[in-house]
Structure formats: structure tokens, C-alpha cells
1. Which peptide among 77-86, 114-123, 90-99 comes first, and what is the full order, when sorted by highest mean count of other Cβ atoms within 10 Å?
2. Rg and Dmax of region 62-136 over Cα atoms: what are they, in angstrom?
3. By average Cβ neighbour count within 10 Å, what is the ranking of 22-29, 129-136 from highest down?
Amino acid sequence: MKPTRPYRTVIRRIDLAGSYKDHFVCFACRKQYRARGSEGAIARVWSAQHERFERRAQTRANVACPQCGEALQALGRDFKAPRRRDRRQWLKVELLWRFGYVYAMGWEGPGERPQRLSDAPAFLIRQGQRADDVRAALAQLRALRRS
């Protein structure tokens, strides 16, 4: 019979930042991707010059969309993507992202967010953004996403 060890409490340190996935979006494709430990993680990338895989630190700057190849944008761990066919919601998300709003929950919750695209300019103006800048950014996004 094996001797049993006495019961003791084991406290394990859990890296919460590494166990959750960051949410990335491609605004051109209107798709969401998640990557575990994206900031500072090691990615295996094929090097044609050396004809082998190389390990590179993966940062938010070099994460590309698997479908179209454009850079993915990090929107925080609490982002829930709208349906792909809902263009207005995607336009609202991109407008908020351009003015620095992401979906990361803090101590006080995720904070106030507009529900519709029509509410987004008024929300940004209330938050201290200039009305001309908001209108110009919205017009630019509409022109960009129509094509």
C-alpha cells in the first residue's frame, strides 16, 4: 500500500492574461478572430530566405487577416462582433475604434456605448470629440466601405 501524503492546500498562480483570447477584427471582411496571448506571444512564420520556420514575437502590429491580408485591429477581450451582414453596426464599431474606444472591461464595467450608428456621433461629441472630426470620419468610413 502506498503511503498517502497529508492534505495541504495548493495555491496555483494562474496567468489570467494568457488564458483569455484577445479579439481582433478585420473591418474590410467584417470578421472577428481570437488569438490567445497575442501580445508578446511567439508565432511560427515560414522564412523563404532561410527555408525554415522562424519564431517571431507576435504583436498587434503584425497580425494579418487570414482572408484578405489586411491588418487586424485589437478591440479588447469583451468585444462581441455583430452579424456580418449588419453593415451599420460594423460601421459604428469602426467609428468608435477610430476614436479610441475598445471593448475591455475595467473595474467599472465596459462603460457606455451607443446602440445604433445614428447615436454614435452624438455619443462621441458628448465624450469631448469635435463635431467636425466626427462627421468627417463618418463620411470617410461610409465612402471607404461602399467600394
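1. Result, highest mean first: 90-99, 114-123, 77-86.
2. 13.4, 37
3. Top of the packing list down: 22-29, 129-136.
Rule-based calculations on the coordinates, nothing more; no lab input. For clarity, every value in this text was computed on a predicted model and none was experimentally measured. Backbone-built Cβ (ideal geometry, glycine too); neighbour counts: all protein chains shown.
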